[in-house]
1. Exactly one of (1) within 25 Å of the chain's Cα centre (by Cα); (2) among the hydrophobic types (A, V, I, L, M, F, W, C); (3) over 25 Å from B:Val192 (Cβ atoms); (4) buried (at least 18 other Cβ atoms within 10 Å of the Cβ) is unmet by B:Leu40. Its number?
2. Condition first: charged (D, E, K, R) and at pLDDT below 95. Now tell me which residues in region B:258-281 satisfy that.
3. Mind listing just one residue for me: the one in region B:90-102 that is surrounded by fewer than 19 Cβ atoms within 10 Å (Cβ to Cβ) and touching a residue at least 12 places away in the same chain (Cβ under 8 Å) and, of those, nearest to ligand 2 (Cβ to nearest atom)?
4. Say we look at region B:8-31 and pick out the residues that are in contact (Cβ under 8 Å) with a residue 60 or more places away in the chain and not hydrophobic (A, V, I, L, M, F, W, C); which of these is farthest from B:Ala202 (Cα to Cα)?
5. Within the bounds of region B:129-136, is there any residue that is within 16 Å of ligand 1 (Cβ to nearest atom) and under 29 Å from the mean Cα position of the chain (by Cα)?
6. Determine which member of the set B:Asn141, B:Asn118 is of a type in the set (S, T, N, Q) and within 11 Å of ligand 1 (Cβ to nearest atom).
7. Quick one: is B:Ala371 away from chain A (no Cβ under 14 Å) and among the aliphatic types (A, V, I, L, M)?
8. Could you please find all residues in region B:384-417 being polar (S, T, N, Q) and surrounded by 17 or more Cβ atoms within 10 Å (Cβ to Cβ)?
Amino acid sequence: MGRVMAGSPLYDEVVQWMDIEAELLDEYREREWLEGMVSQEVVYQVPLRQTVERARGTGFVDGVYHLDETYGSLRSRVARNETAYAWAEDPPSRIRHFVTNIRASEDGDAIGVRSNLLIFRTRQEQTQPQLLSGERRDVLRREDGVLKLYRRRVLLDLTVIGTHNLSIFF
Amino acid sequence: MTITGPTRADALLDALDRGLPHGEIPVGLFGNQEIYDRELRRLFGRCWVFLAHESEIEAKGDYVLRKIGEDSFIVIRDEHGGINVLFDACRHRGVQVCRSDSGNTSHFRCPYHGWTYNTKGDLVGAPLWRNAFGGMPKEGNGLTKAAKVASYHGLVFATLDPSAPPLEEYLGGMAWYLDLLFGLNEHGMEIVGAPQRFVIDANWKSGSDNFAGDDYHLGTLHRSVWEIGAFPVPFRENMMGYHVQAAPGHSLSFSMAPTEDEPGPKFFGFPEELVATFDTSRISAHQLDIARRSRVMVANVFPNFSILALPMTEDGAHHPPTGVVTIRTWQPHGVGQVEIWNWFCVYKNMTPAQKDRAYRAGLGTFSMGGAFEMDDTEPWITVSRTGRSVAADLLDFKLNYQMGMPGVGIAKPVEDWPGPGISYWTRYEEGVQRNLYRFYGDMMRAEPGAWPKFSFDD
Ligand code: FES
Ligand SMILES: [Fe+2]
């Protein structure tokens, strides 16, 4: 497994992939994202976290999640947001994904990508944003020549989630 | 000279008393600070409050950190297997001694000066004890305990009021209905992992009110779940069933087909292999029959503990709905905020694959990222905004809780209901919520040491 150096063509491709993904999610183009950028075999997880002493590590709890999605359940979520009754996101909240600190490594067909994520969210007339900060640990895989999201694990910097729902995509 | 007179909270409680017989509730209950402060003392300071499930603290020394009202309590299994509920505040200066949300330990050491407490909360030592405290007894300087602790089907409750009745008396008729979900076989239930926690800008009562039996909102607020095939019973049919005021304050609701032979989910959609293990050795034939015919059970134990069992799926294209059980507390977090603690339960004797299926189906529907629940918070946020409203006050704005009252809608009392409490057929009915607020009003006015009735026949 080798680090993909910044400035290399593959690194640029990964950064562009991340930027385009953020653009689709920020613009509510969720179906385009799902069908164009996500592998049918995706595992997409946001694990639950607790406060624990330093000696016990980062506090992520094995086997429990805020989101634990497959392609089928992601498709359900996208379909739900497309109905006329998805009140949670209609009118939609304003969302912006800030993706930074991108580090990539190559392992055969798979590209491991770690990035920092900050989601800025407001709803209705809110002036105080809801902020969700964390690290994404992704694996991208080339399928028929196209890079697809094969694994995503979002490690949130929160134990108690302060947003009115998780109808958004990380 | 001090002038005392009726406060705004008194006025709201008077308006509640006057309004309830007509199905009217003052919206200020959802946004008034004085009301909230009184709730912390008179409800959360006195009632039995749900804290944890025994399966979360199975081994000696296992603990979880939980809340009564806004205060933290350590729920810990001690060296002798007993469960203690300890106020998380050092007796020396009041410092928090429990530094993790959960774990296993033989003791808690205060980070300030080092007073150390064992799993029963007893003070067992402090640095340089002889110099510093030699001569002072350790007894009486341990962590402060909740007044009473008890569990029912592994559900651990505590109360801060020594005058509280025993838990089973407090649950009253509700115990019978908890039996028919949690006591269907000899194994009982366990928690999957740890609770999810979310904070939203709503009043805690909106959650209790909703789970007391607000089935009517499904057709509008949750309409999307039918469009994606997450829930198998159509809205109109799902309104068939019973509303039950199990005991003063405690309410629940069952979705049930009008006749037994109707197709559709039985036993909340639990898998057939699991259902084969259900019997009447711990519950009556009536209880087993209600469970058999039930598609959905949704319940609220006063004040803020809710239970939901129903068939769900997170991915209708690949998995048929299966029985999901979620339990949650609506933990007060200021008048305008609630922290939702959400646990998923499975029967202990389910196979790992069945547990996984139930967990995924629950997570994909009844959590903040779930297809069902993500819509609930949207209206609750604005209820609390209306609750703070000056206009609502000036314009004498009242909430309508009249559904199912005489002359309103089709719900009728059930004369031959086999269980405790007062039952109505069809769920077009808001008596379940009026029952919640009647007991609420009584508790909010009860003097220290005095309790309202726990049964309708007393
Ligand atoms: S405050 Fe805990 S030891 Fe002093
Ligand atoms: Fe709901």
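1. Unmet for B:Leu40, out of (1) within 25 Å of the chain's Cα centre (by Cα); (2) among the hydrophobic types (A, V, I, L, M, F, W, C); (3) over 25 Å from B:Val192 (Cβ atoms); (4) buried (at least 18 other Cβ atoms within 10 Å of the Cβ): (4).
2. B:Glu260, B:Asp261, B:Glu262, B:Lys266
3. Of the residues in region B:90-102, the ones surrounded by fewer than 19 Cβ atoms within 10 Å (Cβ to Cβ) are B:91-96, B:99-100.
Those left that are additionally touching a residue at least 12 places away in the same chain (Cβ under 8 Å): B:91-93, B:95-96, B:99-100.
Details: B:Arg91: 43, B:His92: 46, B:Arg93: 44, B:Val95: 40, B:Gln96: 35, B:Arg99: 36, B:Ser100: 33 Å.
Among them, the one singled out is B:Ser100.
4. This residue is B:His22.
5. No, the conditions are met nowhere in region B:129-136.
6. On the way: B:Asn118 fails: within 11 Å of ligand 1 (Cβ to nearest atom).
Checking each option against the conditions leaves just B:Asn141.
7. So B:Ala371 fails the test.
8. Listed by number, the list holds a single entry, B:Ser384.
The values are calculated or read from the model by the stated rules, or taken from the named source; none is laboratory data. Computed from a predicted structure; not experimentally measured. Cβ atoms come from the backbone with ideal geometry, glycine included; neighbour counts cover every protein chain shown.
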